[in-house]
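Visitor: For reference, the structure I am asking about is given below.
The values are calculated or read from the model by the stated rules, or taken from the named source; none is laboratory data. Bear in mind that the values here come from a model prediction, so they are computed numbers and not experimental data. Heads up, the Cβs are rebuilt from the backbone with ideal geometry, glycines too, and the neighbour counts pull from every protein chain shown. Ligands, DNA and RNA are stripped out before the accessible areas are found, and what is left, the full protein with its side chains, is counted by its heavy atoms. Shrake-Rupley method; radii C 1.70, N 1.55, O 1.52, S 1.80 Å.
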Amino acid sequence: MSEFLKILREIEAKWQREWYERKIFEPAIDDERAKFFITVPYPYVSGPPHIGHGRTFTVADIIARFKRMLGYNVLYPIAWHITGTPIQAVADLISRGDPDTIRRYREYVMLYVSDPKEVDKILEEFKDGWKIALFFAKAYERDFKSIGLSMDFSRQFTTGDSDYNAFIIWQYQKLRKKGYITRGKHVVLYAPAEGHAVGEHDIKGGDEIEVRIQEFTLIKFKLVDSNEYIVAATLRPETIFGVTNIWVRPDATYVKATVNGETWIISKDCAWKLQYQDKEVKVLEELKGESLIGKMAIAPLVDREVPILPAFFVDPEVGTGIVFSVPAHAPYDYAALIDLKRNIDLLRKYNIEHIVQKIEPISIIESNLGTQPAVDIVQKMRIMNQLDDKLNDATKTVYQVEFYTGKMRDNTPLSGLSVQEAREKVKEMLRSINMLDVMYEVEPKGVVTRSGNRIIAAVIKDQWFIDYRDPEWKQRALKLVNEIMKIVPEKYRQQFNATIQWLELRPCARRRGIGTRLPWDPEWIIESLSDSTIYMAFYTIVKKLRQSGISQKLSELVKKVYEGSEDALAVIEKFFDYIFLGEGNVEEVSKLLECDKNIIEDIRREFLYWYPVDLRHSGIDLIPSHLTFFIMHHTAIFPEQHWPRAISLNENVIREGRKMSKTLGNVLEIARLPREYSADLFRLYVASSADLESILDWRESEVQKIASQLERFWKVCNTILELGPPMEEYTFERLHILSKKLISIVNMMIVRGKEHLENFRIREYVVDVFFNLLNEVEEYINVYKICNINIDEVRYTLNYVIERWIRMLQPVIPHICEEIWHRMGKMTYISCEFWPSPGPLSWEIINAFEILERTLEDVKSIIKSREEPPKRIYIYVGPSSELYDIVNMLIEMLEKGMDMRTIMRELSKDEKYRPIMNKISDLLRKIINGMIPRIRTFKDIEYEVFKNCEKYMSYRLGGVEVIVQDAERPTYDPVGKAKQALPGRPAIYVEW
RNA sequence: GCGGGGGUGCCCGAGCCUGGCCAAAGGGGGCGGGUUGAGGUCCCGCUGGCGUAGGCCUGCGUGGGUUCAAAUCCCACCCCCCGCACCA
């Protein structure tokens, strides 16, 4: 087994070398041929590719190779995505000497470089993000070649290249001029110590915990006899009507600060955070929580004076560090109130005994939990004090139940409203009297960056957005999805529709990372999902851009744009306007770029030839993001004839039933495939073990099974090669019935396999063309001697088969097929061959063999019903051919959708059938209940097949003698079975 | 919560759109046999229950319904998975 894989790997390396050296997958435009432009989203090259990438790119490759076989001029290009922050973040961490990151990247590099000194050197270079990107771009190329992808590697670029920047600049100018770019406030996760917004990859444990931003309502309580406000934070503003007091933590540090011109009392931590949330904050003085205790403040809306009291559950790092207390509805508040009432020392210390003792919960909401949920739940859960952990759950329960089922009671001005409605209403009311503000908090508490710095919520006030809300734009996108584009598997279409409807504002630029700068505001870098929407157009021209030297010119222009040059920007716009939209005129453009106008025309032709994208293939995870942007932006920028034509998708890859992840350490990199497995083995596994819409589970034991199937195929092919070519040609008619069958099946597969692939049914295609055909061929080789088929005829048949078979399999297992092709003495590359055209195909024979299979099943079922082995088996084929004709006619009528009654009525009109209507209704019933198979068959063929397969059937039945007779003239029929024979259902007599 | 997709025999998984050839493809596992010095590989057969002739019964998340006929259509319920944004 492993011996076979070794041979296979050598074969694979050999043909890969040839294919890529000879550049056979680098097409040029050719007006004589139809083109097929297929793309997969370029990968983000921050690490090595794994079998998840492998699956997606292999599926696309199978389609690409297939389309090539159909005669299309196929372009399957690749490029590398480096835009954004993750690569930058890795470089930063390596620079800082982060041990985890360095260990991980050392392992990555060692997949490609064995010399440890070399590895060290490379890791040293990884302090520069660009070096990381370039290293892994190379790694991807190498890995993609190692699984035999028929890609055009000559059009590679990275999204950091300056000609690409120019292209993106053009795109964003277009979007802006169309009014799709806006600016506004935006809340993000932010690390003040590092001075930038953070993404998931920046957060320690970010791939495991779900970090989100929560909006707190701030309610201002005016201190009695003062202009100062004590500001409480809450998620439940509607409970203000039940307020009894305010909690502060006596030992925490608070500040008096001016916030946007008012004087607020809030926690010191809060004051610090607020300055990142678009607020003008100036701290006037610090004070201890203690010093506030006993003071009175006025609750807005209810206009009640409430006291400020001490509580220890209050966290100065959450919200403002000040809580207004609603003991009827907030378990924490109730628990704290009980604690305080019991704590005589504390009451005396602050001299608040008299006020505290008369505080009672005020119920303002009625819900499924009653009117005093906090009181009830604290008692029911036996919560001991305000620091009890169970309070968290209690709070969650009350919050949820009241949110969904709560109604405001009539002691509030919002009597009868649901809690949801009341919440909004209260906010409005507070806002109108200027007693409301908001702040944002990170949930859960305590998340830090990979470097250990605190993460808070920050408001960016001048964020650039793409505004997807324009209904007319959405309409165009919906038209593309629903009326123009093919989506495979069909079931994902709904998700595109849903995503388009739901899209609103998307921040499209950041201040950090690699990428293209906004031409009108170069402080901002266009974010990675926003710069990768229509770049397939760039593939069509990048080669010419570079050959012609225009890339250099664009590069200089980009530099000038960043420096603020309007002229340079205009040149970029005019150039791409002409290339992609045919706007403007060549003379002007060529003059501006100082180049021959033929070059410009040439580039324009490239685009016109290749565009639109015929198929974009991707993993399903990109549906709600990139693929929808891909759709939206195409409809924004290009005219309808350049809109993409189809999207195909595949599910994810898991391994041994579990998700692949860095934390589990179970990621299988493509780099390991050619060492531990083989390219064709991988491809066959990917194609055969799950259809597109199913998760593919990479299971070692299954992979080994597929490996042995591949070896079986290899052996069969070599057996055929060893038999050599036939001495003479054979017409179909001359052949033995088994040869006819095999050739018919191959020709059937040529038709059916093509249909499967045209409809992306890759798995079914492999099942048919690889597995089923393999069974057929092997069976033929096993029985040709038993059935006395002339050896030269066998050679002819098998050569006929293999020559077509390996061409059909080329899209999935190109290397092994290429090898066999050449061993057959062919000089061309099978990778560039055509799909075979179908030859002679006898459905009658295929059908008769199906009947034979069914008959064998029946015989086995009969044999099974007795202990002792049978002596002899008699098979009586067919009644008169007239009955066959009738049955065939009935089957046809049924297939047309006619029911029994209609058929009978129809036939009884005919003189010919009237006398035998009884017989006909009997046959019809037997067809309907399945006794007679719905397979078109004829007496003579059925008989011929059975008669010629006596030995074959005997072999299949473990050696029992089989005798086939014509049911109309049996020579031996002791119990009168022969007369039971029906079309497609020979009679059986087993002699014991 | 909002949006999308699913629940099939011991397991994985087809089929359901276009109802009947569906006891339900194909694997895997298990059992039996062959090959082998033994083991593995490989090959053949069996693998819901009953039945001494190709048959019958039960059956495709649960409960109803439509139909001569339902895994397939309709309704209700239960359960599971995925996405929810500035992140590639």
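Visitor: Take region A:262-319 and flag every residue that is of a type in the set (A, V, I, L, M), in contact (Cβ under 8 Å) with a residue 60 or more places away in the chain and over 29 Å from A:Ile359 (Cβ atoms). Quick ask: steps written out before the conclusion?
Guide: Initial filter on region A:262-319 (of a type in the set (A, V, I, L, M)): A:265-266, A:271, A:274, A:281, A:283-284, A:287, A:292-293, A:296-299, A:301-302, A:306, A:308-309, A:311, A:314, A:318.
Those left that are additionally in contact (Cβ under 8 Å) with a residue 60 or more places away in the chain: A:274, A:292, A:296-299, A:301-302, A:306, A:308-309, A:311, A:314, A:318.
Passing the criteria: only A:Leu274.
Visitor: Same structure again: Applying the selection to region A:11-34, what residues are assigned to a loop (DSSP other than H, G, I, E, B) and open to solvent by less than 30 Å² (accessible area, probe 1.4 Å)? Step through it out loud before you land on a result.
Guide: Within region A:11-34, the first condition is being assigned to a loop (DSSP other than H, G, I, E, B), and the residues that meet it are A:22-34.
If the condition is that a residue be assigned to a loop (DSSP other than H, G, I, E, B) and open to solvent by less than 30 Å² (accessible area, probe 1.4 Å), then A:Phe25, A:Pro27 are the ones that fit.
Visitor: Then there is this: Across region A:94-117, what is the total count of residues that are under 15 Å from A:Ala139 (Cα atoms) and acidic (Asp, Glu)? Step through it out loud before you land on a result.
Guide: Going residue by residue through region A:94-117, those that are under 15 Å from A:Ala139 (Cα atoms) are A:105-114.
If we keep only those that are acidic (Asp, Glu) as well, we get A:107.
Total meeting the criteria: 1.
Visitor: Taking region A:294-320, which residues are under 23 Å from A:Met381 (Cβ atoms) and surrounded by 19 or more Cβ atoms within 10 Å (Cβ to Cβ)? Outline the logic, then answer.
Guide: Initial filter on region A:294-320 (under 23 Å from A:Met381 (Cβ atoms)): A:311-315, A:318.
Of everything in region A:294-320, those that are under 23 Å from A:Met381 (Cβ atoms) and surrounded by 19 or more Cβ atoms within 10 Å (Cβ to Cβ) turn out to be A:Ala311, A:Val314.
Visitor: Test A:Val188 against the criterion of being within 15 Å of RNA strand B (Cβ to nearest atom), more than 28 Å from A:Lys131 (Cβ to Cβ) and touching a residue at least 60 places away in the same chain (Cβ under 8 Å), and give yes or no.
Guide: Working: within 15 Å of RNA strand B (Cβ to nearest atom): yes; more than 28 Å from A:Lys131 (Cβ to Cβ): yes; touching a residue at least 60 places away in the same chain (Cβ under 8 Å): yes.
Against the criterion (within 15 Å of RNA strand B (Cβ to nearest atom), more than 28 Å from A:Lys131 (Cβ to Cβ) and touching a residue at least 60 places away in the same chain (Cβ under 8 Å)), A:Val188 qualifies.
Visitor: A:Thr902: outside the structural domain of A:Ile24 (by TED's automatic domain parsing) and without any contact (Cβ under 8 Å) to a residue 40 or more places away in the chain, yes or no?
Guide: Details: outside the structural domain of A:Ile24 (by TED's automatic domain parsing): yes; without any contact (Cβ under 8 Å) to a residue 40 or more places away in the chain: yes.
When the stated conditions are applied, A:Thr902 passes them.
Visitor: Do we find a residue being more than 12 Å from RNA strand B (Cβ to nearest atom), at negative phi, open to solvent by less than 40 Å² (accessible area, probe 1.4 Å) and in contact (Cβ under 8 Å) with a residue 60 or more places away in the chain anywhere in region A:195-212? Show your work before the answer.
Guide: Residues of region A:195-212 that are more than 12 Å from RNA strand B (Cβ to nearest atom), as a first pass: A:195, A:204-205, A:208-209.
Still in the running and at negative phi: A:204, A:208-209.
From what is left, the residues that are open to solvent by less than 40 Å² (accessible area, probe 1.4 Å) are none.
No: region A:195-212 contains no residue that is more than 12 Å from RNA strand B (Cβ to nearest atom), at negative phi, open to solvent by less than 40 Å² (accessible area, probe 1.4 Å) and in contact (Cβ under 8 Å) with a residue 60 or more places away in the chain.
Visitor: If you don't mind, another one. When region A:427-451 is examined, which residues are found to be open to solvent by 40 Å² or more (accessible area, probe 1.4 Å) and either over 41 Å from the mean Cα position of the chain (by Cα) or on the phi > 0 side of the Ramachandran plot (or both)?
Guide: Across region A:427-451, the qualifying residues are A:Glu428, A:Met429, A:Arg431, A:Ser432, A:Ile433, A:Asn434, A:Gly446.
Visitor: Right, something else. Please determine, by comparing only the residues of region A:491-504 that are within 6 Å of RNA strand B (Cβ to nearest atom) and either under 19 Å from the mean Cα position of the chain (by Cα) or touching a residue at least 60 places away in the same chain (Cβ under 8 Å) (or both), which one is surrounded by the most Cβ atoms within 10 Å (Cβ to Cβ). Steps first, answer last, please.
Guide: Step one: of region A:491-504, the residues within 6 Å of RNA strand B (Cβ to nearest atom) are A:491, A:494-495, A:498, A:503-504.
This time we only want the ones that are either under 19 Å from the mean Cα position of the chain (by Cα) or touching a residue at least 60 places away in the same chain (Cβ under 8 Å) (or both), so: A:491, A:494-495, A:498, A:503.
Details: A:Lys491: 10, A:Gln494: 12, A:Gln495: 16, A:Ala498: 13, A:Leu503: 19.
The qualifying residue surrounded by the most Cβ atoms within 10 Å (Cβ to Cβ) is A:Leu503.
Visitor: Run A:Ile830 past the list (1) touching a His at 6+ places or on another chain (Cβ under 9 Å); (2) within 12 Å of RNA strand B (Cβ to nearest atom) and report the number of the one that doesn't hold.
Guide: (2)
Visitor: Next question. Go through region A:856-890 residue by residue and tally those that are within 8 Å of RNA strand B (Cβ to nearest atom) and without any contact (Cβ under 8 Å) to a residue 60 or more places away in the chain.
Guide: The number of residues fulfilling the criteria is 5.
Visitor: Which condition breaks for A:Arg65 when tested against (1) touching a Pro at 6+ places or on another chain (Cβ under 6 Å); (2) more than 24 Å from A:Ser689 (Cα to Cα); (3) buried (at least 19 other Cβ atoms within 10 Å of the Cβ)?
Guide: Just one mismatch for A:Arg65, condition (2).
Visitor: Pull up region A:627-651, narrow it to residues that are under 23 Å from A:Ile51 (Cβ atoms) and open to solvent by less than 10 Å² (accessible area, probe 1.4 Å), then point me to the one that is nearest to RNA strand B (Cβ to nearest atom).
Guide: Start the filter on region A:627-651 by keeping residues that are under 23 Å from A:Ile51 (Cβ atoms), which leaves A:627, A:647-651.
Filter again for open to solvent by less than 10 Å² (accessible area, probe 1.4 Å), leaving A:627, A:647-650.
Working: A:Leu627: 9, A:Ile647: 14, A:Ser648: 16, A:Leu649: 11, A:Asn650: 12 Å.
Once the filter is applied, the top-ranked residue is A:Leu627.
Visitor: If you don't mind, another one. Of all residues in region A:69-104, which are of a type outside the set (Gly, Ala, Ser), within 16 Å of RNA strand B (Cβ to nearest atom), under 20 Å from A:His53 (Cα atoms) and open to solvent by less than 30 Å² (accessible area, probe 1.4 Å)?
Guide: A:Ile78, A:Trp80, A:His81, A:Ile82, A:Thr83, A:Ile87
Visitor: Filter region A:960-987 for residues that are within 10 Å of RNA strand B (Cβ to nearest atom) and within 25 Å of A:Trp843 (Cβ to Cβ); which is most open to solvent (accessible area, probe 1.4 Å)?
Guide: A:Arg985
Visitor: Let me ask another. Tell me, which residue of region A:35-50 that is open to solvent by 10 Å² or more (accessible area, probe 1.4 Å) and assigned to a strand (DSSP E or B) is nearest to RNA strand B (Cβ to nearest atom)?
Guide: Checked region A:35-50; the qualifying residue nearest to RNA strand B (Cβ to nearest atom) is A:Tyr44.
Visitor: So, one more: Looking at region A:90-115 only, could you name the residues that are in contact with a Pro (Cβ under 6 Å, 6 or more places away or on another chain) and of a type in the set (A, V, I, L, M, F, W, C)?
Guide: A:Leu111
Visitor: Hey, among A:Arg454, A:Arg382, A:Arg423, which residue is in contact with a strand residue (DSSP E or B) (Cβ under 9 Å, 6 or more places away or on another chain), open to solvent by 50 Å² or more (accessible area, probe 1.4 Å) and either of a type outside the set (A, V, I, L, M) or not assigned by TED's automatic domain parsing to the domain that holds A:Lys279 (or both)?
Guide: Working: A:Arg382 fails: in contact with a strand residue (DSSP E or B) (Cβ under 9 Å, 6 or more places away or on another chain); A:Arg423 fails: open to solvent by 50 Å² or more (accessible area, probe 1.4 Å).
Criteria check complete, one pass: A:Arg454.
Visitor: Next question. May I ask you to say which residue of A:Ile620, A:Ile654 is within 16 Å of RNA strand B (Cβ to nearest atom), more than 29 Å from A:Ile181 (Cα to Cα) and surrounded by fewer than 19 Cβ atoms within 10 Å (Cβ to Cβ)? Step through it out loud before you land on a result.
Guide: Numbers: A:Ile620 fails: more than 29 Å from A:Ile181 (Cα to Cα).
None of the other options fit; the residue is A:Ile654.
Visitor: Have a look at A:Ser694, A:Ser678 and point out the one that is among the hydroxyl-bearing types (Ser, Thr, Tyr) and either at pLDDT 90 or above or under 21 Å from A:Ser837 (Cα atoms) (or both).
Guide: After ruling out the rest, the residue left standing is A:Ser678.
Visitor: Identify all residues within region A:106-117 that are part of a helix (DSSP H, G or I) and either more than 16 Å from RNA strand B (Cβ to nearest atom) or not aromatic (Phe, Trp, Tyr) (or both); write none if there are none.
Guide: Step one: list which residues in region A:106-117 are part of a helix (DSSP H, G or I), which gives A:106-110, A:116-117.
Listed by number, the residues that qualify are A:Arg106, A:Glu107, A:Val109, A:Met110, A:Pro116, A:Lys117.
Visitor: Among (1) within 16 Å of RNA strand B (Cβ to nearest atom); (2) open to solvent by 40 Å² or more (accessible area, probe 1.4 Å); (3) not basic (Lys, Arg), where does A:Asp161 come up short?
Guide: (2)
Visitor: Only one of A:Val283, A:Val323 is of a type in the set (A, V, I, L, M) and open to solvent by less than 60 Å² (accessible area, probe 1.4 Å). Can you tell me which?
Guide: Numbers: A:Val283 fails: open to solvent by less than 60 Å² (accessible area, probe 1.4 Å).
When all the criteria are applied, what remains is A:Val323.
Visitor: Every residue in region A:683-706 that is closer than 13 Å to A:Tyr765 by Cα, β-branched (Val, Ile, Thr) and open to solvent by 10 Å² or more (accessible area, probe 1.4 Å), please.
Guide: Once the filter is applied, which keeps residues that are closer than 13 Å to A:Tyr765 by Cα, β-branched (Val, Ile, Thr) and open to solvent by 10 Å² or more (accessible area, probe 1.4 Å), region A:683-706 yields nothing.
Visitor: Here's something else I'd like to know. Looking only at region A:900-945, filter to residues that are part of a helix (DSSP H, G or I) and among the polar types (S, T, N, Q); which one of those is nearest to RNA strand B (Cβ to nearest atom)? Explain how you work it out, then say what you get.
Guide: Within region A:900-945, the subset part of a helix (DSSP H, G or I) is A:900-908, A:914-928, A:939-945.
So of that shortlist, the ones also among the polar types (S, T, N, Q) come out as A:902, A:908, A:918, A:921.
Values: A:Thr902: 10, A:Ser908: 19, A:Asn918: 20, A:Ser921: 14 Å.
The qualifying residue nearest to RNA strand B (Cβ to nearest atom) is A:Thr902.
Visitor: Okay, moving on. Inside region A:399-515, counting only strands (runs of 3 or more DSSP E) that do not spill past its ends, which hold 1 or more residues that are closer than 30 Å to A:Ile364 by Cα?
Guide: Working: elements: A:436-443, A:456-467, A:486-488, A:505-507.
Once the strands (runs of 3 or more DSSP E) in region A:399-515 are filtered for at least 1 residues that are closer than 30 Å to A:Ile364 by Cα, what remains is A:436-443.
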